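My questions will all concern the structure given below.
Read the figures in this text as sums done on the coordinates, not as results from a lab. Because the structure is a prediction, the values reported are computed rather than measured. For neighbour counting, all protein chains shown are included, and Cβ atoms are generated from backbone atoms with ideal geometry for every residue, glycine included.
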Amino acid sequence: MGLDGIATILSGFSTVAIAILTVFLWRENRLLRKAGSEPSLVAYFEPHPDGTGGLNISIANIGTGPARNVYFQFLGESEHFARYDLILDCTTKRGPITLIPQGEKISILFAIGFQLFKPKDTDSKEPMPPFNVRLKWTSLNGANAKSEDFLLDVKPYADLPGLINKPYLLKIVDSINGVGKNVGKLNNDVKHLSNLIEANSLENPVVKKVKGNNEPI
């Protein structure tokens with residue numbers, strides 16, 4: 001075989017290799033574009049930001065693209081929900097929520113925390129049984145429909161102090177502290193309040209406050 005024949009064979013191999021590489025790169029780029037617009041939702045408990053003892057159910061988009069046509073549904077036994085004073089009606093499927101952008105969430109008030117540890121039909125302290133929340137959603141273009149269940153359980157939060165967020169009184173104190181020297185004496189007077197913190201757990205029916213040295217008030 002002459003040099004021309006060898007050159008022709010090598011040229012053919014090169015063409016095949018370039019074609020394979022092109023297909024591989026196209027496939028990888030397609031997967032990257034898909035991964036870059038793929039929403040992913042999770043459901044979890046979250047204390048109400050007002051620090052009032054409320055417990056929210058939050059649905060957050062932790063994926064890389066917006067979630068569209070979001071549905072959520074409670075899958076626990078209906079009698080379990082009926083035994084507790086819930087603010088949210090858990091008997092119906094909710095949605096569609098038009099859009100949850102990437103990195104955003106929605107929060108729904110579920111119940112006042114302590115009521116989840118006190119059934120209506122008994123005086124005993126009995127936490128609400130765990131239940132599943134089913135989420136359904138699609139990507140922005142309406143494709144790639146997904147469904148996933150998330151188990152929610154109030155028991156781990158029963159005796160954890162400080163779950164209630166900083167009350168507005170201390171937020172006001174923080175704002176006053178940032179004003180500066182012009183508030184002078186007022187700033188010093190209000191500063192004494194910063195030693196008071198809320199130490200509630202979700203099962204507490206009343207607000208519990210302690211001093212900075214952990215002494216109850």
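Do you know which residues across segment 54-105 are aliphatic (A, V, I, L, M) and within 18 Å of the chain's Cα centre (by Cα)?
Leu55, Ile57, Ile59, Ala60, Ile62, Ala67, Val70, Leu88, Ile97, Leu99, Ile100, listed by residue number.
Additional query: Where residues in segment 60-106 are of a type in the set (Ser, Thr, Tyr) and surrounded by fewer than 18 Cβ atoms within 10 Å (Cβ to Cβ), which of them is nearest to Lys125 (Cα to Cα)? Lay out the reasoning, then the answer.
Residues of segment 60-106 of a type in the set (Ser, Thr, Tyr): 64, 71, 78, 84, 91-92, 98.
Okay, now just the ones that are also surrounded by fewer than 18 Cβ atoms within 10 Å (Cβ to Cβ), so 64, 71, 78, 91-92, 98.
Details: Thr64: 42, Tyr71: 33, Ser78: 20, Thr91: 24, Thr92: 27, Thr98: 39 Å.
In this case the residue turns out to be Ser78.
Something else now. Could you tell me whether Gln73 is of a type in the set (S, T, N, Q) and over 19 Å from Leu151 (Cα atoms)?
No; evaluated as a whole, the condition is false for this residue.
What pairs come out if I take residues in segment 107-120 that are under 16 Å from Asn132 (Cα atoms) and pair them with residues that are in a helix (DSSP H, G or I) whose C-beta lies under 9 Å away, six or more apart or interchain?
From residues that are under 16 Å from Asn132 (Cα atoms), the pairs are Phe110/Leu116; Leu116/Tyr157.
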